1. Can you go through ALA61, ALA113, ALA97 and tell me which one is touching a residue at least 24 places away in the same chain (Cβ under 8 Å), among the small types (Gly, Ala, Ser) and loosely packed, with under 13 Cβ neighbours inside 10 Å?
2. Spot the failing condition for ALA120; the list is (1) at pLDDT below 95; (2) more than 22 Å from PRO154 (Cβ to Cβ), and only one is missed.
3. With the structure loaded, tell me whether ALA143 is loosely packed, with under 10 Cβ neighbours inside 10 Å, without any contact (Cβ under 8 Å) to a residue 40 or more places away in the chain, part of a helix (DSSP H, G or I) and of a type in the set (Gly, Ala, Ser) or whether it fails that test.
4. Is there a residue being in contact with an Asp or Glu (Cβ under 8 Å, 6 or more places away or on another chain) and not in a helix (DSSP H, G or I) anywhere in the range 118-128?
5. Within the range 129-140, count every residue that is surrounded by fewer than 14 Cβ atoms within 10 Å (Cβ to Cβ) and farther than 17 Å from SER151 by Cα.
Amino acid sequence: MTTRNERSQAPDVEDLARSMLLLHGGHDDDDHHGSGAGAGPSSGSWAKAPNFASDPERAAAVREASARDRERYLTSGLVSVDCRFCHVAVQVKKLSAEHTSVQWNAEAVERCATFSEIRANGGDPARARSCPRLTDSIKHAVAEGCLEEVSSAPSPGDG
């Protein structure tokens, strides 16, 4: 017969672990070699998704769809806006009246008059909050109807 004192004691951690191993078997979540979808016994690597190595047509279709998804994710709702001062073109998306996403390219960063001035004074344009001339150009693009004040493009994850 079990006494009240024996019932109220917490189970030993080692005993609990042993019983869990007996019940569920051993698992090693860090050792994925040779297991998982798409990884055959001789592949020696683990992947979250199958690689369709045995079906080249399907592998090509998956690569193509992935490329489309990536492009959509990176460019959804972006509109080219030219700076009215130095005429560089950047990609812009207004997420709200206060939030604007600007994607600069290497040429635009190099040619931007404000960033050139920062570099000439020994500064780093990457630390600049923004280019005030481009900000004015973006406001002008919204006023002219070339850029939506809040983008109506679907979120990249909704596709």
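The values are calculated or read from the model by the stated rules, or taken from the named source; none is laboratory data. This is a predicted model, so every value here is computed, not measured. Don't worry about glycine lacking a Cβ; one is built from the backbone with ideal geometry, like all the others, and counts go over all protein chains shown.
1. ALA97
2. If we test ALA120 against (1) at pLDDT below 95; (2) more than 22 Å from PRO154 (Cβ to Cβ), just (1) comes out false.
3. no
4. No, the range 118-128 has no match at all.
5. Matching residues across the range 129-140 total 4.
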